[in-house]
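Trainee: The following block contains the structure, expressed as structure tokens.
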Amino acid sequence: MKVFDLFYGCRSYNWQMMRIQGTSNHPQREEIERRMKAIYLLDRGLLQELKVVMNVSRSTVFGWKKRFKASGGNVLSLAPRSRAPLNRRQREVDPQQVAFIRKYRLAKPGIGKVTVQIELKRYCEERGRKVVSESTVGRVIADLKAAGRLPGRGLRHVVVNGNGRLYCKKGKPKQKKIRRNGYQPQDPGDLLQMDSLHIFQDKVKRYMLTAIDLKGRFGFAYIYDRLNSRNASDFLDKLLKVVPFVIRRIQTDNGNEFEKDFATAIRASPIQHFHNYPRHPQANGHIERFNGTIRSQLLKHYQGDIEDTTAFNRDLIDYLIWYNFTKPHRGLGNLSPMEYYVQSKRPHRLQSKMYWTPTGGCPRPRNALQCMFHEVRPWAGRPSRQSLPNPTDCSTRSWRCAAGYAPSASRKISPSSS
């Protein structure tokens, strides 16, 4: 097959196409087209329309046309040029004053330009020199930072152990964090809040990580002897095993425990991570209320020793089973979080009166809630849906196993009614 070049013999074809492409993608394309229209009206002698419609004078359009011809018909020459001066003034400051400003800032890091200018004024008066203004001092400090002669933003002075010297330590780079921005969850699992709780009892300090679902009030907690990102990542792994729904978003504060390993685990999952604004705990109101409930109903009446985290976590799991499976929540219509979750998964069945009649579909007579637990597909490692979960049944013991604890005859907590 013979191939024909349609543009054979056309001079500078590639250059012309590149110029057209550059014009179509030019950031000031609208202004270029406007000036081309003005030149068109000038060539046609429509001076009145040029003045009224385009609002430019004839001399201005003559200048555009002259520039257009000088460039050989290149429309890019009509683009507005920079109006910045070609020769800019350079700041001239006495080198001795610059040296004084640098020496004073190194000796007193973090001092503002106001204080530096006052000390500089005394220095210049003693030597009979003219002192610069406060704004000039600020510009000199900015120039020294840009040149690397002064520690800039993100650097701080740290004392070296042993020799007492100061050196500049660079802070953490600023990260772009996603905010909640008024997002409201619609289903359980759409948004969970996480926080840490510091427990100090009998000269022993422990740390509890807590989480709660905003829509269904499903809560989970676990205690650790250290508060770091590794334990927060372990808490997230346990949380994903015990919740009966898919977690889509998690909201935390800006604590260090929610960085590094925890952030790596979040990035490896499809979960979206929201951060609160600094010094704004009101944004985590649900988890703050959950922390207060644990303090008043469990920690305040706990008779054991919190130093033994294994024994305490067993009792904590017993409390959470009662909290999620039995305790009525006024915000959920006096339902427990698990009852609310099941009803949210089967809302249409509760509207039929025939649904309350026992049928032959179940192996033995059940109530409506038990049938719904039986029909919902069980998740891996969760309690059996054959019966309504109860803190004394074996089904809740399997839920306890999902959290990492086998059933045992541990101390029982009698939670007070809220």
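Trainee: If Ala283 satisfies every condition in (1) assigned to a helix (DSSP H, G or I); (2) of a type in the set (A, V, I, L, M, F, W, C); (3) buried (at least 18 other Cβ atoms within 10 Å of the Cβ) but one, which is the exception?
Mentor: Every listed condition holds for Ala283 apart from (3).
Trainee: Is at least one residue of the range 109-129 modelled with pLDDT of 85 or more, more than 36 Å from the chain's Cα centre (by Cα) and part of a loop (DSSP other than H, G, I, E, B)?
Mentor: yes
Trainee: Another one. Restricting the search to the range 243-256, which residues are in contact with a helix residue (DSSP H, G or I) (Cβ under 9 Å, 6 or more places away or on another chain) and crowded, with 18+ Cβ neighbours inside 10 Å?
Mentor: Pro244, Phe245, Ile247, Ile250, Gln251, Thr252, Asp253
Trainee: Considering Phe290, Phe325, Phe312, which residue is farther than 30 Å from Gln186 by Cα and either among the aromatic types (Phe, Trp, Tyr) or at pLDDT 90 or above (or both)? First the steps, then the outcome.
Mentor: Numbers: Phe290 fails: farther than 30 Å from Gln186 by Cα; Phe325 fails: farther than 30 Å from Gln186 by Cα.
Within the list Phe290, Phe325, Phe312, the selection yields Phe312.
Trainee: Let me spell it out: the conditions are (1) surrounded by fewer than 14 Cβ atoms within 10 Å (Cβ to Cβ); (2) under 13 Å from Asp195 (Cα atoms), and Asn276 meets all of them except one. Which number is the exception?
Mentor: The single condition Asn276 does not satisfy is (1).
Residues are listed down the side, and each one gets a yes or a no for (1) surrounded by 14 or more Cβ atoms within 10 Å (Cβ to Cβ); (2) farther than 16 Å from Ser196 by Cα:
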| site | (1), (2) |
| --- | --- |
| Arg226 | no, no |
| Ser229 | yes, no |
| Phe235 | yes, no |
| Lys241 | yes, yes |
| Phe258 | yes, no |
| Arg267 | no, yes |
| Gln272 | yes, yes |
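Trainee: Would you point out the residue of the range 116-141, among those that are among the β-branched types (Val, Ile, Thr) and surrounded by 15 or more Cβ atoms within 10 Å (Cβ to Cβ), that is farthest from Pro151 (Cα to Cα)? Don't jump to the end; show me each part of the working.
Mentor: First pass over the range 116-141, keeping only residues among the β-branched types (Val, Ile, Thr): 116, 118, 131-132, 136-137, 140-141.
Among the residues that remain, those that are also surrounded by 15 or more Cβ atoms within 10 Å (Cβ to Cβ) are: 116, 131-132, 136-137, 140-141.
Details: Val116: 16, Val131: 24, Val132: 22, Thr136: 19, Val137: 16, Val140: 13, Ile141: 10 Å.
The selected residue is Val131.
Trainee: Mind checking which pairs have a first residue in the range 302-315 that is β-branched (Val, Ile, Thr) and a second that is part of a loop (DSSP other than H, G, I, E, B), Cβ under 7 Å, 6 or more apart or different chains?
Mentor: Short answer, once both residue conditions are applied: Thr309/Asp225.
Trainee: Moving to a separate point now. Can you say whether Leu155 is surrounded by 10 or more Cβ atoms within 10 Å (Cβ to Cβ), of a type in the set (A, V, I, L, M) and modelled with pLDDT of 75 or more, as far as the supplied structure shows?
Mentor: Taking the combined requirement at face value, the residue does not satisfy it.
Trainee: Now a separate question. Six or more apart or on different chains, Cβ atoms under 7 Å: show the pairs whose first residue is in the range 107-120 and among the hydrophobic types (A, V, I, L, M, F, W, C) and whose second is at pLDDT below 90 and outside any helix (DSSP H, G or I).
Mentor: Leu120/Val131
Trainee: Which condition breaks for Glu307 when tested against (1) over 28 Å from Tyr340 (Cα atoms); (2) in contact with a strand residue (DSSP E or B) (Cβ under 9 Å, 6 or more places away or on another chain); (3) assigned to a helix (DSSP H, G or I); (4) not hydroxyl-bearing (Ser, Thr, Tyr)?
Mentor: All conditions are met except number (3).
Trainee: Scan the range 80-96 and tell me whether some residue there is more than 30 Å from Lys37 (Cβ to Cβ) and assigned to a helix (DSSP H, G or I).
Mentor: yes
Trainee: Collect the residues in the range 193-232 that are polar (S, T, N, Q) and modelled with pLDDT of 90 or more, keeping them in residue-number order.
Mentor: If we filter the range 193-232 for residues that are polar (S, T, N, Q), which is where we start, we get 193, 196, 201, 210, 228-229, 231.
Residues satisfying the conditions are Gln193, Ser196, Thr210, Asn228, Ser229, Asn231.
Trainee: If you don't mind, another one. Are any residues in the range 286-301 assigned to a helix (DSSP H, G or I), among the charged types (D, E, K, R) and free of Cβ contacts under 8 Å to residues at least 24 places away in the same chain, and if so, which ones?
Mentor: Start the filter on the range 286-301 by keeping residues that are assigned to a helix (DSSP H, G or I), which leaves 286-299.
Those still in the list that are among the charged types (D, E, K, R) too: 288-289, 295.
Passing the criteria: only Arg289.
The values are calculated or read from the model by the stated rules, or taken from the named source; none is laboratory data. Here the structure is a predicted model, which means the values were calculated and not measured. Virtual Cβ from ideal backbone geometry, glycine too; neighbours counted across all protein chains shown.
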